[in-house]
Structures are given as structure tokens and as C-alpha cells.
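The values are calculated or read from the model by the stated rules, or taken from the named source; none is laboratory data. For clarity, every value in this text was computed on a predicted model and none was experimentally measured. When we count neighbours, we look across all protein chains shown, and the Cβ atoms used for this are built from the backbone with ideal geometry, even at glycine.
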Amino acid sequence: MTEPIRILLVDDQQLVRLGFRMVLEAEQDLTVVGEAADGAQAVRLANELRPDVVLMDVRMPALDGIDATRRIVDANPAARIIILTTFDLDEYAFGGLRAGASGFLLKDARPEELTAAVRAVAAGDAAVSGRVTRAMLELFADRLPTAGLGTRSGHDPAAALTPREREILVAMGEGLSNGEIGARFYLTESTVKTHVGRVLAKLHLRDRVHAVIFAYEHGLLEH
């Protein structure tokens, strides 16, 4: 039997943490290894416990979830973080993604959505679709650095990619799923998955969410 996915819960409301714990620990493959009531405590416990997944509230006293996410990822690049928010397409959720989170969840998500997101992020996938990420980038474009600086200065940020991998990166940046990418380029989904994995590895990207952000911020997409 494989080891259960180890989860750190971070929220300043004890009842919220209790609710999440009850849902998560009802699953045999999930276990909560710690709880934090603010961002500073979250950073400390993440470094001590090295959980597989951190469920991170964004609005907390002392240190908010975005700064806590950034510090955890800086200390442990393998950390996987899901931002908890009360609003879809929220600026805080967007900030969490850019800080290194692999997705976000609404606090009123159904139990099956919560457990599916934790499993997806633990497996190295993203807990939010590329299309939603692209929408967030468009919505909060004024928070981004000027796109295309790398390409205009003569440096190609995607130079390590083959022409096909570059096409796959752009398609991911547009928010397409593997099935949609396969249909566009007449590839099987398994072939697309292989290409996606190579793109992420070559560009040192955490997951599809960060591939979308990379493509957007480096001016590889038509706006």
C-alpha cells in the first residue's frame, strides 16, 4: 500500500480547518499532518513537516497566504500548494498562482472537488484549468510585467524547445486541454501528454498553470 498524501491545513478559522480535516481524513489515501492559523506558522510547519500538499487560505493576519506561499516554494521548490479563496477569479487566487501555487479552490467546494484537487496536485498536475488561468491573466494583466521583453531583446525564453514543443506550449497558454491540443495537431492524447511533460521539464515549470503564466508573461501568445 502506498503512503497517504500528507496535507498541511492553513486557515485562521479553526472551524474551517476542522471541516477540511473531517473531509480529508475520511479518505484512506489522505492524512492531515498539521494545522496553521497564520502564514508565519504555515511557513515554519511546512519546513518542519514537508507535507505533500498545503491547503492555504489567502486572507490571514501577520503573513498572508500569498507571501507564505512564496516563502514555502522558495525554501522547497517541490512544495505543492492549493490556495483557498471565497471568490472565483479572485485577485488573491491569482497572486497565489504567480507566487507558485498549483491551483485554487473555493472554500465552499464540494468534498469530492477538494479531495480530487489534493490528489491532482500531489501527482504533479494543476488544480485549476489552463483556461481559467488564462482568464485570470487577462483580467489582472496590469499586475504583470511587460509581456514579450525576452523575445524583443533577442533572447528566446523557449529556445530549449523543439518546434512541436513550442506549439504545445502556446496551445497550453491558450488554455487548451490535452484532448483539444491533440485535435489541433492530430496527435493522440498520450503523445500530447509526453510533449507537455517535456515542455515542463525543459522550462523548469511546476505544472500547466505555470506553463500558461510563462507563455503569457514572455509574449508567446496573441493578446
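Structural remarks
- Condition met for residue 127 (crowded, with 23+ Cβ neighbours inside 10 Å and part of a helix (DSSP H, G or I)): no
- Scanning segment 80-94 for residues that are in a loop (DSSP other than H, G, I, E, B) and either of a type in the set (S, T, N, Q) or not assigned by TED's automatic domain parsing to the domain that holds residue 65 (or both) gives a single hit, 86.
- Among residues of segment 22-33 that are more than 10 Å from residue 7 (Cα to Cα), those with a beta-carbon under 9 Å from a residue that is of a type in the set (S, T, N, Q) and crowded, with 18+ Cβ neighbours inside 10 Å at least six positions away or on a different chain give the pairs 23/115; 26/115; 27/115; 29/115.
- Count of residues meeting criterion [modelled with pLDDT of 95 or more and either assigned to a loop (DSSP other than H, G, I, E, B) or in contact with a strand residue (DSSP E or B) (Cβ under 6 Å, 6 or more places away or on another chain) (or both)] in segment 53-79: 5
- Complete set of residues in segment 62-83 that are more than 17 Å from residue 107 (Cβ to Cβ) and not hydrophobic (A, V, I, L, M, F, W, C): 67, 70, 71, 74, 76, 77, 80
- Among the residues making up segment 63-94, those that are surrounded by 21 or more Cβ atoms within 10 Å (Cβ to Cβ) and small (Gly, Ala, Ser) are 65, 68, 79, 93.
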